[in-house]
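Okay, structure first, notes after.
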Amino acid sequence: MGEIISFSARSYLIAKLCTYCGRRLSNFWGRFDSKVTDYLVPLSRGGRDVAENIVASCRECHMLKGDYFNHALLPPGSNRPRLIADIRRHVSEIKQMTGVKSSVMDLPGSRR
């Protein structure tokens, strides 16, 4: 029999867009738009290596996010959408401060 895969694990496997910036993900390693595993609650901040804590991200957002985690949004399991929205805000603020405009979501007229 086949293994039952949770919704979160299945959504990571079939993800075509970055969770944070909306960029189309590439399967070619070494590019800024390559698909990488990112943890909503970083392992260094006490996050667990479970499917509910994993999202698909582009390498650029993964590097910009670092080990960012807003402790005001605890417990993380019940606030997944708010946690993703907070990380999106954090990554976009870093992009604005550094002047990075490499995402489709950063183009004028894009909907958020």
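The values are calculated or read from the model by the stated rules, or taken from the named source; none is laboratory data. Since we're looking at a predicted model, the values are computed, not measured. Cβ: placed from backbone, ideal geometry, glycine included. Neighbour counts: every protein chain shown.
Within region 84-103, track down each residue that is closer than 26 Å to Glu52 by Cα and modelled with pLDDT under 85. Walk me through how you get there before you give the answer.
Initial filter on region 84-103 (closer than 26 Å to Glu52 by Cα): 84-94, 103.
Listed by number, the list holds a single entry, Ser103.
Quick check: anything in region 10-19 at pLDDT 85 or above, in a loop (DSSP other than H, G, I, E, B) and of a type in the set (Ser, Thr, Tyr)?
Scanning region 10-19 turns up at least one residue that is at pLDDT 85 or above, in a loop (DSSP other than H, G, I, E, B) and of a type in the set (Ser, Thr, Tyr).
Mind counting the residues in region 9-30 that are surrounded by 13 or more Cβ atoms within 10 Å (Cβ to Cβ) and over 13 Å from the mean Cα position of the chain (by Cα)? Steps first, please.
Kept after step one, since they are surrounded by 13 or more Cβ atoms within 10 Å (Cβ to Cβ), are these residues of region 9-30: 9, 11-12, 15, 17-23, 25-26.
The next check asks that each one be over 13 Å from the mean Cα position of the chain (by Cα); those that pass are 9, 26.
Total satisfying the criteria: 2.
Identify, please: which residue in region 32-66 is assigned to a loop (DSSP other than H, G, I, E, B) and touching a strand residue (DSSP E or B) at 6+ places or on another chain (Cβ under 9 Å) and is, among those, surrounded by the most Cβ atoms within 10 Å (Cβ to Cβ)?
Let us first name the residues in region 32-66 that are assigned to a loop (DSSP other than H, G, I, E, B), namely 32-33, 40-42, 46-50, 66.
If we keep only those that are touching a strand residue (DSSP E or B) at 6+ places or on another chain (Cβ under 9 Å) too, we end up with 32-33, 40, 47-49.
Numbers: Phe32: 15, Asp33: 18, Leu40: 21, Gly47: 16, Arg48: 13, Asp49: 9.
Top of the filtered list is Leu40.
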